[in-house]
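Accompanying notes for the structure given below.
The values are calculated or read from the model by the stated rules, or taken from the named source; none is laboratory data. Computed from a predicted structure; not experimentally measured. Positions of Cβ are backbone-derived with ideal geometry, glycine not excepted, and every protein chain shown enters the neighbour counts. Side chains are part of the model used for accessible areas, which takes the heavy atoms of the whole protein and leaves out ligands, DNA and RNA. Shrake-Rupley method; radii C 1.70, N 1.55, O 1.52, S 1.80 Å.
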Amino acid sequence: MAYGAILTDAAGVPFYIGDTMPLTLLEKRVLNVPQASGSGAVINLFSNDGAIRFIFANSNGAQGSNLNTCEALELSGGLWSLRCAGPARTVNVYIFGYQFQPVPAWGIQINDAQGRCILTNETKVLRDAQKLGDEGSDTGSGFNADFTLAGEWAVAPAYTGNYTGTVSQGGQVYPVVAQFASSARFNGSTTQITSGYIGNLNTGGGGTGTLTNYRNRLVAVNVQRY
């Protein structure tokens, strides 16, 4: 930008620069997710219409380790959906994207060169996003990542690892498969960001299996303002 205004957040990070359109909250959905084990429960969010969207989710699921509570974002059959596993809970889904803004009754209005409103004092801009984890550490990334943040945060749903193996039952050998996915669990004061699993883990029976950690970092955003 050769000249013009740069609007920044409290940390000094620009969230609007001239000739751009900011990422803003399009919609917040509150989902009542039923108890689901095995392959989990699938809840459709929106069609794959080519529009750019960024999804973050959290829940009031119990905090702790070795839980199957998690949410994963999937694309299948032209639909983006959330696959959820674990106990019944409330899941909040925050959908961000690009859109022109409604003109407020009063306040600040910023238009683009074509006179279209792209930012107002009422616009909820995506900010305070953080990357969590260390890709160089197996214990601090992927399904092993475990963070507790003050306040209410949501995480971009992501698969973080998998388990493949077998279990012996009744003299027969059966395949066992599980996928690990991220989870943000808010208890009213802090948010635990970690992973749960979708599928089945080998809990005994003389079977064998292999755990694979994707060692990815998790992206979280402070959602108290949304």
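Below are the figures for this structure:
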{"read-out": "Filtered residue count, the stretch 45-65, keeping only those that are under 27 Å from residue 222 (Cβ atoms) and not hydrophobic (A, V, I, L, M, F, W, C)", "value": "8"}
{"read-out": "Residue 166 being open to solvent by 40 Å² or more (accessible area, probe 1.4 Å), polar (S, T, N, Q), farther than 23 Å from residue 62 by Cβ and modelled with pLDDT under 90", "value": "yes"}
{"read-out": "Odd one out for residue 58, checked against (1) in a loop (DSSP other than H, G, I, E, B); (2) within 15 Å of residue 195 (Cβ to Cβ)", "value": "(1)"}
{"read-out": "Strands (runs of 3 or more DSSP E) within the stretch 125-226 that include 3 or more residues under 16 Å from the mean Cα position of the chain (by Cα) and more than 28 Å from residue 38 (Cβ to Cβ)", "value": "129-132"}
{"read-out": "Flag if residue 120 is over 30 Å from residue 60 (Cα atoms) and among the hydroxyl-bearing types (Ser, Thr, Tyr)", "value": "yes"}
{"read-out": "So residue 71, is it acidic (Asp, Glu) and either assigned to a loop (DSSP other than H, G, I, E, B) or within 17 Å of residue 198 (Cβ to Cβ) (or both)", "value": "yes"}
{"read-out": "Residue match in the stretch 64-72 (condition: within 15 Å of the chain's Cα centre (by Cα) and open to solvent by 40 Å² or more (accessible area, probe 1.4 Å))", "value": "no"}
{"read-out": "Which listed residue is open to solvent by less than 50 Å² (accessible area, probe 1.4 Å) and under 26 Å from residue 46 (Cβ atoms), from 86, 161, 133, 140", "value": "86"}
{"read-out": "Residue count for the stretch 79-116, restricted to those that are touching a Phe, Trp or Tyr at 6+ places or on another chain (Cβ under 6 Å) and more than 30 Å from residue 67 (Cβ to Cβ)", "value": "1"}
{"read-out": "Pairs, first in contact (Cβ under 8 Å) with a residue 60 or more places away in the chain and among the aliphatic types (A, V, I, L, M) in the stretch 94-112, second assigned to a strand (DSSP E or B) and open to solvent by 50 Å² or more (accessible area, probe 1.4 Å), C-beta under 8 Å, six or more apart", "value": "95/26; 95/27; 95/28; 95/29; 95/53; 95/54"}
